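Asker: Next up is a structure, given as structure tokens.
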Amino acid sequence: MKQKKEDIHITGYKNYLLVWLGLMIFTVLTVAVARIDLGSINFLAAMLIASFKALLVITFFMHLLYEQRLFKIMVFFSVVTLAIFIGLTFFDVPFR
Amino acid sequence: MNNTSTIESHKDYIGAKMGMWLFLFTELLLFGGLFLIYAVYRYSYHGGFQAGSGELSTIAGTVNTVILITSSLTMAVSISAIQRGNRKLCLAMLLATILFAAAFMVNKYFEWGAKIHHGIYPGSPELLSNDHGTVLFYGLYYVMTGLHGLHVLVGMVLLSIMFFLVYRGRIDSTDFVKLENSGLYWHFVDLIWIFLFPLFYLIT
Amino acid sequence: MKSGFYEAKGKHRGILSWILSTDHKRIGLLYLFTMLTFTTVGISLGSLLRLELIAPGETIMAAGTYNAVFTLHGVIMIFLFVIPGLPAVFGNFCMPLQIGAREVAFPRINLFSWWLFVAGGIIAVMSLFTGGGPIDTGWTFYAPYSIKTGTNVTLAVFGVFLIGFSSILTGLNFITTIHRLRAPGMNWFRLPLFSWSIYSTAWIQVLATPIIGITLLLIMVERYFGIGVFDPDKGGDPILFQHLFWIYSHPAVYVMVLPAMGVVSDIIPVFARRTIFGYKMIAFSSLAIALLGSLVWGHHMYTSGMSDTAKVIFSLLTFLVAIPSAIKVFNWISTLYKGSITVGTPLLYVLSFIFLFAIGGLTGLVNSALATDIHIHDTQFVVAHFHYTMFGGTAFGFVGALHFWFPKMFGKIYSEKIAKTAWAFIFVGFNTTFFPLFMLGMNGMPRRYYDYLPQFQTGNMIATIGSWILVSGVVLMVVNLYRATQKGEEAGSNPWGGASLEWHVPSPPPHDNFDEIPVVETKPYEFKY
Amino acid sequence: MISGASNIAEHVDNAFIFIIGISILLLVSITAVMIFFVFKYHSSKNTKPENIEGNNMLEALWIAIPTVLVLFMFYYGWTGYKVMRDVPEGAMEIHVKARMWSWLFLYENGKKNSVLYVPVGKPVKLLLSSQDVIHSLFIPAFRVKEDVVPGMETFVWFEPTKVGEYDLFCAEYCGLKHADMITKVVVMKENEFKRWYEEEEGEAVPGISARELLDENGCLDCHTEDGTMHMAPTFKGLFGTMRTVVTEGEERSIVADEPYIRKSILEPESDIVKGFEPLMPSYLDELSGKDIEIIIEYLKELK
Ligand code: HEA
Ligand code: HEA
Ligand code: CUA
Ligand SMILES: [Cu+2]
């Protein structure tokens, strides 16, 4: 069987270029934000921006947007698992 | 849940992609263990991490970020190109991706080289004379960027194979799941760097 | 002579046709025999441990040897037997048959993961004879001891890393297979419960194993380069190592036991001739165990110096994970209600599983409570707990599965009488060996002691004698099964009258399993009378 | 279970009785029902099985009952544990140093001992620290256990309730002689304890007290005095001989003279005798210059 035309979604080059532009802007933004001292907000901002960038890469470059729902659920679960591992460990370290 | 149509066929494209995604989850948790360690030590040794990060070149880090993001773009375009049957563009874009990967590694090489030249590498007396936080910062820096670098190298090999397969016509507009999966891997490598960059180069 | 998938096919002949085969049935058998080899070593080491402990003082080996022996015993049993055991052997052999598929999703990756498994096993064994000698850290590899000891930790840990990678690939393969290759009509609620449990297990394998992978890599890196992450002299935190180790190794205990629970859920209905009680509950409790099981690793660390907040949270979560196990136990017993029961050897093993696993699980509750665990942590009580769960649970499930699917795998039937005698020896021997350890632990005998104070003599002696009964039972069982492969009677396609798909094909199954992919219209436990 | 001898034992034992009691009850009833069913519905008696797919009421019941039971178990475990962490004001503090493979107890007045002496009926807090790897202090009769972790300080406390001698084990695996890392707790009447606590230690006599130093500091756990090579080079005939050592990866020869021995005690990782592992901790904070002199004099004699 061939990889059928109808179940695939071909993203246009222009859209990819736009995503790339977005990623670039975020990169500049994160470097800029790091230059100003905002205390603990700095870390939060850096992680937030990184997460946005990651989201862009996953949804468009990695095509998750056009995959079955099952794939989205799986990705979500894996990320949550990692978050739980890190989160529960933090019930130890700061409370010692 | 009706998969009747795919069962009899020899090649299951969705299955192949599912396998790749599952593999990426294990990769995510592999790096996840390191992110966990990083988070704990950054929490315990904030000062040391700041000091260590100050020594890293933000410029080198930013350049590498731009390189990797752009390589992700070329990777994505190469897949779109093969889907549309544009083999030439696909090959050109793949080549560009491989070259960007090489540029990333060269940059990394100089970055590590400079640090090692200054006597800052795991277990070096110079490094151990610092406080614990800085020692751990550099320990993690070498391990995490090292493991990431290893993934970049593997990606280069993988993409070179894909280049060959496209060149030979074994990947074409009707059967391109291998290229898609390599693309997924490559974007994942980019994804990890998106987090490594602020974690190591941008602590204030 | 040879029939089914044993017949020659493809371009290779002889041994090559096996070790290069991508047939899931052949790979399952490859795992069975490699595992048998490694397990024999593990059993011998276990017996040696018991022999040393027959009396206080140095009886047959010095402290250093003992430390190496229990480490190796633990590493082999955990990483080469119970973790890969049921998924790799029976998951490979039966799961595709049960869901009505011709193959797993990635046959070549499947073969590759067997090769990784063998390579890892051989490397782990090689660490005995090279470098600084046999590893002596215990199977837990706790830092900083594991980064300081002069023994060959690096190689052994690398072997375990490869085995972990093999486990990941198996899990990835099974998830994809179950999602993509179910026969038409085989919806999620017609899936036999063994396949359900393999599915839940596979998720743990995929998501938790990488954590131990990176932890072991860091041990290697630490030993070579001294990066300091686990070295207190450089600011590293040894407790963090324990977190990472148990983030994997606790979920791993459910990798061990979930498939065994699946076996129980598949065997009981067949021998009670009625449908399983509470199918959905059992299926979902497997998922619940996999999920909740990832949140409780801290219960191994109540005395480690972890924060009190974390201890309380982990203790509470640990108690919650016992509930899905309780559901399963109650549903199994209800399945016996108003059945028409024949007590075949597989059922004997399964009923012993329920009894022994209940003891193991209930003593797990004693471990979960903060106050009590402080007293029994790192004593023989824990040793008894985990032998009851891993041996009484997983290994009994494994042996039960072996007796259940043996006719399918080899096309022959074994002597029921000898099988039951062997069971009696194993059951009695097992309890004699491990029950006294509960008492010893309560009285304060620590684990990993080659020598002990005189007040612990009686219990240890009973245990050692028990181990002799146990091992003779195992030998009898293996001999019985071996004889059956040579001159057993033909089993026929469905000796037990099972209803799931694997019983609809000849024994042994043909190369591509099904002449025509079946269309499933019934639930897995609807028997014809 | 051995009888308890501290205030904590009572709480722990209550939790034990509750959890094990319920467990036995459950185990017996489950097993009994299981065996009963196997006989009652044996195919020889019951030829016609009945298909029962499930029963929502029953299933809800056996989610609810275990949930309630385990919550109680958790509660008992937690309250018992809280007692272990609430140290009363004015507890007597004793520093405990653990190292491969012996214990050292340091009292507030500077007294050192390798057996733990404590007064009955008085709260005692042990502050635990390790010089090398993780150990674990375990006194079964008191129902206390806590890991001794290098790089941090942990604690246990208890109030002994009965005069007597109790075992103290190392419960965390720590290498070769983990099983030998055991000592005693001696609980004394208060006046006896006072007498022992305040008794002057004899003048340091070279020879005898050097052995005490070596013993107390755990040197003899690794170094023998009879020429056998264990974890570490033997002391016998050590002084004045040529040693092949590894210094920063380079092999070199050096005479075991006074400076060498002093350096080996204070910075053990700088020169490692060939064929051995860098396992020894530094004794910079443990031994005074005078102590080291005494030890060196002793080693000179040990031919
Ligand atoms: C197959 C392996 C396996 C399984 C399934 C389990 C299952 C459980 N384990 Fe076990 N465990 C190990 C293998 C396993 N364990 C190993 C290897 C170690 C030691 C590692 C080392 O240190 O070397 C260990 C150690 C260990 C500890 C640490 C002890 C210590 O070191 O101090 C704890 C603490 O909480 C614990 C708890 C539990 C619990 C609560 C369960 C639960 O999942 C059990 C659930 C089951 C039941 C509860 C019984 C069945 C139900 C009924 C009979 C109905 C009635 C039930 C209720 C009312 C709830 N285990
Ligand atoms: C599955 C796990 C498993 C199994 C089956 C066993 C089996 C046995 N173990 Fe186990 N043991 C461990 C896992 C296991 N052990 C672990 C993890 C440790 C901790 C190590 C550490 O502290 O680091 C340990 C530690 C340990 C100790 C404690 C050491 C100490 O702390 O001082 C002792 C001492 O008595 C002991 C004895 C035995 C004995 C006598 C057997 C015997 O019963 C041997 C007989 C074995 C069998 C009967 C196997 C049954 C299976 C089959 C027969 C299937 C056949 C296989 C195929 C067909 C493929 N073991
Ligand atoms: Cu110290 Cu075990
Ligand atoms: Cu656990």
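Asker: Need the list of lysines near residue D:236 for cross-linking: C-alpha distance under 16 angstrom, and skip anything on the same chain fewer than eight residues off.
Answerer: Within the straight-line limit of under 16 Å, residue D:236 reaches these lysines: D:300, D:303.
Asker: Given contacts defined as C-alpha pairs under 8 Å and at least six residues apart, what's the relative contact order of chain C, whole-number percent?
Answerer: Relative contact order, chain C: 18 percent.
Asker: What residue among D:188, D:57, D:92 shows peak mean-square fluctuation when chain D is described by a Gaussian network model with Cα springs under 10 Å?
Answerer: Comparing D:188, D:57, D:92 in the GNM, the peak value goes to D:57.
Asker: Once both axes come from the Cα atoms, what is the angle between helix A:13-35 and the longest principal axis of chain A, in degrees from 0 to 90, rounded to 10?
Answerer: 10 degrees
Asker: Let me ask another. Can you list residues whose amide H is under 5 Å from residue D:117's amide H, if they're 5+ apart or on another chain and H is modeled 1.01 Å from N?
Answerer: D:186
Asker: Compute a Gaussian network model of chain D, connecting alpha carbons closer than 10 Å, and tell me which residue from D:171, D:256, D:64 fluctuates the most.
Answerer: Among D:171, D:256, D:64, the largest mean-square fluctuation in the Gaussian network model of chain D belongs to D:64.
Asker: Which whole DSSP H helices in chain D pass both tests: a Cα extent of 18 Å or more along the axis and a mean Kyte-Doolittle value no lower than 0.0?
Answerer: D:7-40, D:56-85
Asker: Next question. Please state, rounded to one decimal and in Å, the Kirkwood hydrodynamic radius that segment C:224-349 gives when every pair of distinct Cα atoms enters the mean of 1/r.
Answerer: Evaluated on segment C:224-349, it is 17.0 Å.
Asker: Excluding same-chain pairs closer than 8 in sequence, count the lysine pairs in chain A whose Cα atoms lie under 26 Å apart.
Answerer: Lysine pairs meeting the criterion: 8.
Asker: Let me check I've understood the local charge: for residue C:132, count other residues with C-beta under 15 angstrom from its C-beta, Lys and Arg +1, Asp and Glu -1. What total comes out?
Answerer: Value of the local net charge: +1.
Asker: With N denoting the number of residues in segment B:88-182, provide Rg(C-alpha) divided by 2.2 N^0.38 Å, to two decimal places.
Answerer: 1.51
Asker: Take the Cα atoms of the protein assembly as shown, build their convex hull, and give its volume per residue in Å³.
Answerer: Here the figure is 178 Å³ per residue.
Asker: When you look at the Cβ of every residue in D:9-18, what mean number of other chain Cβ atoms sits within 10 Å?
Answerer: 3
Asker: Still on this structure, please answer the following. On average over all directions, what projected area in square nanometres does segment D:13-154 have, based on the convex hull of its Cα atoms?
Answerer: Mean projected area of the Cα convex hull: 14.7 nm².
Asker: Here's something else I'd like to know. Averaged over peptide A:37-43, how many Cβ atoms belonging to another chain are found within 10 Å of each residue's Cβ?
Answerer: The mean count of partner-chain Cβ atoms within 10 Å per residue comes to 2.
Asker: Counting pairs of alpha carbon atoms under 8 Å apart in space and at least six apart in sequence, what relative contact order in percent does chain B give?
Answerer: Relative contact order, chain B: 33 percent.
Asker: Can you classify segment D:129-237 as rounded, prolate or oblate using the Cα gyration tensor, where a ≥ b ≥ c are the square roots of its eigenvalues, rounded means a/c under 1.5, and otherwise it's prolate if a/b beats b/c and oblate if not?
Answerer: Oblate is the answer for segment D:129-237, as a/c is 1.5 or above yet b/c matches or exceeds a/b.
Asker: If you don't mind, there's one more thing I want to ask. Within a Cβ distance under 9 Å of residue D:124, other residues only, what is the Lys/Arg minus Asp/Glu net charge?
Answerer: 0
Asker: Run down the aspartates and glutamates and flag those whose C-alpha is under 16 Å from the C-alpha of residue D:274, throwing out any fewer than 8 positions away in its chain.
Answerer: Reachable aspartates and glutamates: D:248, D:250, D:251.
Asker: Bin width 10 Å, alpha-carbon pairs only: give the P(r) of segment C:23-174 as whole percents, running from 0 to the bin holding the largest distance.
Answerer: Binned Cα distances yield the sequence 12, 37, 29, 16, 6, 1.
Asker: Using just the C-alpha positions of chain C as equal point scatterers, what log10 of I(q)/I(0) does the Debye formula give at each q in 0.06 1/Å?
Answerer: Reported log10 I(q)/I(0), two decimals: -0.27.
Asker: Rg and Dmax of segment B:23-91 over Cα atoms: what are they, in angstrom?
Answerer: 18.6, 54
Asker: Which of the lysines could a cross-linker span from residue D:48 if the Cα-Cα distance has to be under 21 Å and same-chain partners fewer than 8 positions apart are dropped?
Answerer: C:338, C:523, C:528, D:40
Asker: Using a ≥ b ≥ c from the Cα gyration tensor of segment B:1-118 (square roots of the eigenvalues), is it rounded, prolate or oblate, where a/c under 1.5 gives rounded and otherwise the larger of a/b and b/c decides, a/b for prolate?
Answerer: Oblate, because a/c is 1.5 or more while a/b does not exceed b/c.
Asker: Specify whether the C-alpha gyration tensor of chain A places it in the rounded, prolate or oblate class, a ≥ b ≥ c being the square roots of the eigenvalues: rounded for a/c under 1.5, otherwise prolate if a/b is larger than b/c and oblate if not.
Answerer: oblate
Asker: Need one number: convex hull volume per residue for segment C:474-529, Cα atoms only, in Å³.
Answerer: For segment C:474-529, the hull spanned by Cα atoms encloses 128 Å³ per residue.
Asker: Percent relative contact order of segment D:210-271, based on C-alpha pairs within less than 8 angstrom and at least six residues apart?
Answerer: 18 percent
Asker: Using θ = phi - 60° and the Karplus relation 6.51 cos²θ - 1.76 cosθ + 1.60, list the HN-Hα couplings for segment C:57-67 in order, rounded to whole Hz, with x at every Gly or Pro.
Answerer: Karplus-based 3J(HN,Hα) across segment C:57-67 equals x, 7, 9, 10, 8, 7, 3, x, 5, 4, 4 Hz.
Asker: Follow-up. Starting from the amide H of residue C:450, placed 1.01 Å from N in the peptide plane, find each other amide H under 5 Å away whose residue is 5 or more places distant or on another chain.
Answerer: For residue C:450, the qualifying residues are D:179.
Asker: When Lys and Arg each count +1 and Asp and Glu each count -1, what net charge do the other residues less than 10 Å away from residue D:136, Cβ to Cβ, add up to?
Answerer: In short, -3.
Asker: Tell me the mean residue ellipticity at 222 nm calculated for chain C from its helices only (DSSP H runs of n ≥ 4, each -39500 (n - 2.57), averaged over every residue, nearest 500).
Answerer: So the helix-based figure for chain C works out to -21500 deg cm²/dmol.
Asker: Continuing with the same structure: Looking only at trypsin sites (Lys or Arg not before Pro) in DSSP loops with at most 15 other Cβ atoms within 10 Å, what is the longest site-free stretch of chain C?
Answerer: That would be C:14-527.
Asker: Next question, about the same structure. Taking 19 Å as the cut-off for C-alpha to C-alpha distance, list the pairs among D:82/D:194; C:9/C:412; D:97/D:177; D:112/D:194 that go past it.
Answerer: Beyond 19 Å: D:82/D:194; C:9/C:412.
Readers should treat all values here as calculations from the given coordinates under stated rules, not as data from a laboratory. From a predicted model like this one, the values you see are computed outputs, not experimental measurements. Glycine gets a Cβ as well: all are built from the backbone with ideal geometry, and neighbour counts include every protein chain shown.
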